[in-house]
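Since the structure comes first, as C-alpha cells, the remarks are kept for the end.
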Amino acid sequence: MSGRLRARQLGVIGCHVCGLVCKDRLGERGHARCPCCHTTLRRRRPDSIGRAWAFLLAGMVFYIPANALPVMYTGLLGSSSDNTILQGVISFWKDGSYGIALVIFVASVVVPCTKFLILGLLLVTSQRHSRWAMRERARLYRLIELVGYWSMLDVLVVATVAALVKFQALGDIEPRIGIFFFGAMVILTMLSALNFDPRLIWDGMATHE
Amino acid sequence: MKTFPHLIVCEHCDTVYRRVSLESGDAARCVDCAATLYRANRMNVDGWLALTVTAAIALVMANVCPVIRISLHGQHNEVTLWQSVAALGHGAAAPIAVPAALSVIVVPGLQILLLGWVLAFARAGHRAPGFAMAMKVLATLRPWSMVEVAMLGILISIIKLSNVVQVTPGDGVWATAGLMVLITLIASRDIHWLWGITDNHPLRGRQGV
C-alpha cells in the first residue's frame, strides 16, 4: 500500500474542468459548485458503470449488422456488387494491397473487438472492486481513449469514395445501411469509454482497507 | 468554499499531489497510475494564437479546394471535404452523415473558434466573456475531433480508386494534412494553464509554472 492519499481520504475534490482542488462539502449540502468555474463538483462521474455498460452492450449489438450487412454498393464498368467490410478487406488483400488491407482490418475488426474486451474487463473488475493489476488496467483505459476513434476510418473512406464515383452509367458507388450500424457502434463505444470513470479502478483499494 | 490552489488531483486515479514548478517541456506524472498530471507550457499565447489562425485558414481551404480529383473515360469528378461527408447523406445510411460532418468539420471548426476567442483575450491577460463555458466546451469536444482519421481515409480512398480510375490529389489534401498537424498542436494540449494566466482569483497563482 502506498503512502499517497486519495482525494476522498483527504476530503477534497478536484474540479474536472479547471483543476482547482476544493474542500468536499457534498456530504453536508448534497450539491456544490467549483468557486472558480462554477462547474458542479462530483466525486465520481454519475452512474458511471451503468451507463458505460448500456453504451457498450448497444455498441456490441450494432457491431453484428455492421459486419453482416453491406456497407457499400459498387457499380463499376458493368460489374456491380454489394460489399461488407470483410469483403472489402479480402479484395484489397487479393489485389496485393496488403498494407491497406491490414489498416482497414485493424480499424474495423481489431480496434472494435479490443475495445469490447477491454471495456468489459474494466467494468467487471471495477464492479467487483478488484485490486488486480490496477496500474495496467489504468493504462488499458488510456489506450482505448487513444485508439478508439480511429475506427471511424471506414465511415470516412466510404464517404469519400461514394462522393467521388458518380458517373451514372460508367460507374457509381453508394453507401449502404451497414456503414450506419458501424458508425453508430463507434460512437456508442466511445460514449461507453467516456462514461466510465477510471478512478473506479482505484476505488477497490479503499474497499479492501 | 475552502480551496487548495497548491494541490492537484490526478484525474485518472484521484491521488492528491502538491504542485511543483516544471522545467519547460517537462510533464508531471502520477506515481500510481502514470497518467500525466500537467505539463509545463512550451508555447506562449502569441504563438498559440498564430497557430490557431493558421488552422482556421487550413480548415477553410480543405472545404473549398477539392481533396481528390478522378477521371474515367474522359469524365471528371472532384470533391471537397464537405462534399465527401455530404455524400453519406444520400441513401439508407443517411443519419451517419451527421456525426461524420461533426467530427471532421464542425468540431474542429468550433475548437478553432473557441480557442481563438479565449486566446485573443488571454493575450491581454483578460478572461474572455464566457471563458468558463468555452473551456468546458473545449474539453467536451476534444475526443470528437477526427481530422487525422479523415486524412488517412482520404489516402486510403486514393489508393482504393487508383486501380480503376485515374486519381490526382487536389490542393485540399495538403490543407487537410496541415489542419491535422495544427489541430493536434493547438487543441490536444493541456489547456488547464489558461485558467492560471488569466486568473483573477487571489489564491491561485500561475498553474504548474
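Within the stretch A:1-39, can you find the residues that are within 8 Å of chain B (Cβ to nearest Cβ), assigned to a loop (DSSP other than H, G, I, E, B) and touching a Cys at 6+ places or on another chain (Cβ under 7 Å)? Explain how you work it out, then say what you get.
Filtering the stretch A:1-39 down to residues within 8 Å of chain B (Cβ to nearest Cβ) leaves A:2, A:4-8, A:10, A:12-14, A:16-23, A:25, A:32, A:35-39.
Subset that is assigned to a loop (DSSP other than H, G, I, E, B): A:2, A:4-5, A:16-20, A:25, A:32, A:35-39.
Result: A:VAL17, A:CYS18, A:LEU20, A:PRO35, A:CYS36, A:CYS37, A:THR39.
Tally the residues that are within 10 Å of another protein chain (Cβ to nearest Cβ) and among the β-branched types (Val, Ile, Thr), restricting the search to the stretch B:51-82.
Step one: list which residues in the stretch B:51-82 are within 10 Å of another protein chain (Cβ to nearest Cβ), which gives B:66-82.
Keeping just the survivors that are among the β-branched types (Val, Ile, Thr) gives B:67-68, B:70, B:79-80.
Total meeting the criteria: 5.
Quick test for you: out of A:TYR98, A:TYR149, pick the one residue that is out of contact with any His (no Cβ under 8 Å at 6 or more places or on another chain), of a type in the set (Ser, Thr, Tyr) and buried (at least 18 other Cβ atoms within 10 Å of the Cβ).
A:TYR149
Being closer than 21 Å to B:ILE156 by Cα, surrounded by fewer than 16 Cβ atoms within 10 Å (Cβ to Cβ) and more than 8 Å from chain A (Cβ to nearest Cβ), is that true of even one residue in the stretch B:19-26?
Initial filter on the stretch B:19-26 (closer than 21 Å to B:ILE156 by Cα): none.
No.
If you scan the stretch B:83-95, which residues turn out to be crowded, with 17+ Cβ neighbours inside 10 Å and outside any helix (DSSP H, G or I)?
Result: B:ALA93, single match.
Hey, does the stretch B:121-131 have a residue that's closer than 30 Å to A:GLY178 by Cβ and without any contact (Cβ under 8 Å) to a residue 40 or more places away in the chain?
Within the stretch B:121-131 (the criterion being closer than 30 Å to A:GLY178 by Cβ and without any contact (Cβ under 8 Å) to a residue 40 or more places away in the chain), the answer is no, since none of the residues qualifies.
Out of (1) surrounded by fewer than 19 Cβ atoms within 10 Å (Cβ to Cβ); (2) outside any helix (DSSP H, G or I), the odd one out for B:PRO143 is which?
Result: B:PRO143 passes all but (2).
Confirm whether B:ALA93 is facing chain A (nearest Cβ under 8 Å) and not β-branched (Val, Ile, Thr).
Yes, satisfied.
Looking at the structure I just gave you, is B:THR15 touching a residue at least 60 places away in the same chain (Cβ under 8 Å) and either closer than 22 Å to A:ALA206 by Cα or not hydrophobic (A, V, I, L, M, F, W, C) (or both)? Step through it out loud before you land on a result.
Values: touching a residue at least 60 places away in the same chain (Cβ under 8 Å): no; either closer than 22 Å to A:ALA206 by Cα or not hydrophobic (A, V, I, L, M, F, W, C) (or both): yes.
No; evaluated as a whole, the condition is false for this residue.
Go through the stretch A:71-121 and count every residue that is charged (D, E, K, R) and closer than 18 Å to A:ILE173 by Cβ.
2
Given the residues B:VAL79, B:VAL16, B:VAL67, which is the only one that is over 28 Å from B:PHE121 (Cβ atoms) and in contact with a Cys (Cβ under 9 Å, 6 or more places away or on another chain)?
Values: B:VAL79 fails: in contact with a Cys (Cβ under 9 Å, 6 or more places away or on another chain); B:VAL67 fails: in contact with a Cys (Cβ under 9 Å, 6 or more places away or on another chain).
Step by step, each of B:VAL79, B:VAL16, B:VAL67 is checked, and only B:VAL16 is over 28 Å from B:PHE121 (Cβ atoms) and in contact with a Cys (Cβ under 9 Å, 6 or more places away or on another chain).
Consider only pairs whose beta carbons are under 8 Å apart and that are at least six residues apart or on different chains; among these, list those whose first residue lies in the stretch B:35-49 and is within 12 Å of another protein chain (Cβ to nearest Cβ) and whose second residue is among the hydroxyl-bearing types (Ser, Thr, Tyr).
B:LEU37/B:TYR17
Could you please find all residues in the stretch A:110-138 being more than 13 Å from chain B (Cβ to nearest Cβ), in contact (Cβ under 8 Å) with a residue 40 or more places away in the chain and assigned to a helix (DSSP H, G or I)?
If the condition is that a residue be more than 13 Å from chain B (Cβ to nearest Cβ), in contact (Cβ under 8 Å) with a residue 40 or more places away in the chain and assigned to a helix (DSSP H, G or I), then A:PRO112, A:LYS115, A:PHE116, A:LEU119, A:GLY120, A:LEU123, A:THR125, A:GLN127 are the ones that fit.
The rows are residues; the columns are (1) among the charged types (D, E, K, R); (2) modelled with pLDDT of 85 or more; (3) buried (at least 18 other Cβ atoms within 10 Å of the Cβ).
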position: A:ARG6; (1), (2), (3): yes, yes, yes
position: A:GLY14; (1), (2), (3): no, yes, yes
position: A:VAL21; (1), (2), (3): no, yes, yes
position: A:PRO35; (1), (2), (3): no, yes, no
position: A:PRO46; (1), (2), (3): no, yes, no
position: A:ALA58; (1), (2), (3): no, yes, no
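Can you tell me which of B:VAL98, B:VAL106 is without any contact (Cβ under 8 Å) to a residue 24 or more places away in the chain, closer than 21 Å to B:SER188 by Cβ and either within 14 Å of chain A (Cβ to nearest Cβ) or surrounded by fewer than 20 Cβ atoms within 10 Å (Cβ to Cβ) (or both)?
Result: B:VAL106 is the single residue among B:VAL98, B:VAL106 that is without any contact (Cβ under 8 Å) to a residue 24 or more places away in the chain, closer than 21 Å to B:SER188 by Cβ and either within 14 Å of chain A (Cβ to nearest Cβ) or surrounded by fewer than 20 Cβ atoms within 10 Å (Cβ to Cβ) (or both).
Specify the residue that is farthest from the other protein chains (Cβ to nearest Cβ); the eligible residues are those in the stretch A:161-209 that are farther than 30 Å from A:SER126 by Cα and assigned to a helix (DSSP H, G or I).
To start, the set of residues in the stretch A:161-209 that are farther than 30 Å from A:SER126 by Cα comprises A:161-180.
Now narrow it down to the ones that are assigned to a helix (DSSP H, G or I): A:161-164, A:177-180.
Details: A:VAL161: 5, A:ALA162: 5, A:ALA163: 3, A:LEU164: 5, A:ILE177: 4, A:GLY178: 8, A:ILE179: 5, A:PHE180: 4 Å.
Among residues in the stretch A:161-209 that are farther than 30 Å from A:SER126 by Cα and assigned to a helix (DSSP H, G or I), the one farthest from the other protein chains (Cβ to nearest Cβ) is A:GLY178.
The values are calculated or read from the model by the stated rules, or taken from the named source; none is laboratory data. For clarity, every value in this text was computed on a predicted model and none was experimentally measured. Here the Cβ is made from the backbone with ideal geometry for all residues, glycine too, and neighbour counts use every protein chain on show.
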